[in-house]
Amino acid sequence: MAPNRNGMILNPHFHKDWQKRVRTWFNQPARKLRRRKARQAKARRIAPRPVAGPLRPQVRCPTIRYHTKVRAGRGFTLEELKAAGIHKKTARTIGIAVDPRRRNKSTESLQANVQRLKEYRSKLILFPRKATAPKKGDSNAEELKMATQLSGTVMPIKNVHKREKARVISEDEKNFKAFASLRMARANARLFGIRAKRAKEAAEQEMDKKK
């Protein structure tokens with residue numbers, strides 16, 4: 001900032017002992033290697049479960065600006081799990097993330113996530129706790145041999161964009177005035193109460209005249 005009027009000339013001493021104030025990052029390559037080894041160790045530890053973690057639901061981003069995009073959420077709602085026929089306690093044990101706080105605001109999102117759960121359940125290879133005594137729902141010996149550890153995201157979510165085909169602009173579209181239509185809609189919404197009140201008063205006056 002420049003000095004103002006007849007003030008004191010600034011003389012800051014910023015060159016004093018600058019070596020202590022410099023942030024170095026010489027351990028970056030070693031950290032990179034350490035993180036990679038940690039990832040590999042975790043993958044070996046949790047094998048044959050997926051490396052990327054549990055299955056996540058498909059949710060829409062908040063606000064008008066981003067609500068056309070879908071992304072992975074925190075966990076499935078209790079309503080979605082119930083519709084898919086999976087118990088909330090069992091879900092966590094078979095690699096499904098659960099979020100009891102989330103609510104379903106639309107039927108579309110509920111159905112999409114229920115379908116996602118059913119598809120996951122059909123593809124899932126479930127290892128028995130005891131190899132000698134498999135329980136109902138566990139995979140058979142042939143399926144267990146086919147099992148491999150998934151390295152990427154479990155059932156990744158993709159944004160599908162439908163492109164419209166080029167067509168001739170109609171006369172109605174050419175004559176349509178977007179700004180004027182928006183102004184009229186806002187005015188109608190703003191004056192709705194006043195107009196209703198006036199119409200009611202006019203109707204009452206008509207009734208009084210008839211009397």
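The values are calculated or read from the model by the stated rules, or taken from the named source; none is laboratory data. As the structure is a computational prediction, the values presented were derived from the model and not from experiment. Neighbour counts run over all protein chains shown; Cβ positions are idealised from the backbone, glycine included. Accessible surface areas use protein heavy atoms only, side chains included; no ligands, DNA or RNA. Shrake-Rupley method; radii C 1.70, N 1.55, O 1.52, S 1.80 Å.
Return the loop-located trypsin sites (Lys or Arg not before Pro) in segment 122-162 (DSSP other than H, G, I, E, B) with at most 16 other Cβ atoms within 10 Å of their own Cβ; answer none if there are none.
ARG129, LYS130, LYS135, LYS136, LYS158, LYS162
What are the residues whose amide H is under 5 Å from the amide H of VAL98, where those residues sit 5 or more places off or on another chain and H is modelled from the backbone?
Those lying under 5 Å, H to H, from VAL98 are PHE76.
Taking one equal scatterer on every alpha-carbon of segment 30-87, how large is log10 of I(q)/I(0) by Debye at q = 0.21, 0.28 1/Å?
-0.88, -1.05
Per-residue accessible area for ASP138 at 1.4 Å probe radius, Å² rounded to 10?
Only protein atoms counted, so the area is about 40 Å².
At q = 0.09, 0.14 Å⁻¹, work out log10 I(q)/I(0) for the chain with the Debye formula, treating every Cα as an identical point scatterer and leaving solvent out; two decimals please.
At q = 0.09, 0.14 Å⁻¹ the computed log10 ratios are -0.75, -1.04.
For segment 30-46, just list the computed ³J(HN,Hα) in residue order, Karplus coefficients 6.51, -1.76 and 1.60, θ = phi - 60°, integers in Hz, with x standing in for Gly and Pro.
Using θ = phi - 60°, the values come out as 5, 4, 4, 5, 5, 5, 5, 5, 5, 5, 5, 5, 5, 4, 5, 5, 8 Hz.
Expressed in nm², what is the orientationally averaged projection area of the convex hull enclosing the Cα positions of segment 88-194?
If I average the Cα hull's projected area over directions, I get 14.5 nm².
Within straight cross-link reach of LYS158, meaning Cα distance under 22 Å, which lysines are found once same-chain residues fewer than 8 apart are removed?
LYS69, LYS105, LYS118, LYS123
Under the Karplus relation 6.51 cos²θ - 1.76 cosθ + 1.60, θ = phi - 60°, what is the ordered set of whole-Hz ³J(HN,Hα) values for segment 132-146, x standing for Gly and Pro?
For segment 132-146, the Karplus curve yields 6, 10, x, 9, 5, x, 6, 6, 7, 4, 5, 5, 5, 5, 6 Hz.
Would you mind telling me the share, in percent, of accessible area of the chain contributed by carbon and sulfur at probe 1.4 angstrom?
C and S atoms contribute 55 percent here.
Would you mind giving the three semi-axes, in whole Å and largest first, of the ellipsoid equivalent to segment 121-184 according to its Cα gyration tensor?
Those come to 59, 14, 11 Å.
For the chain, what is the mean residue ellipticity at 222 nm derived from helices alone (per DSSP H run of n ≥ 4: -39500 (n - 2.57); sum divided by total residues; nearest 500 deg cm²/dmol)?
After summing the helix terms and dividing by the residues of the chain, the value is -13500 deg cm²/dmol.
Using the Karplus equation 6.51 cos²θ - 1.76 cosθ + 1.60 (θ = phi - 60°), what ³J(HN,Hα) coupling, rounded to whole Hz, does each residue of segment 187-192 give in order, writing x for Gly and Pro?
5, 4, 5, 5, 8, 4
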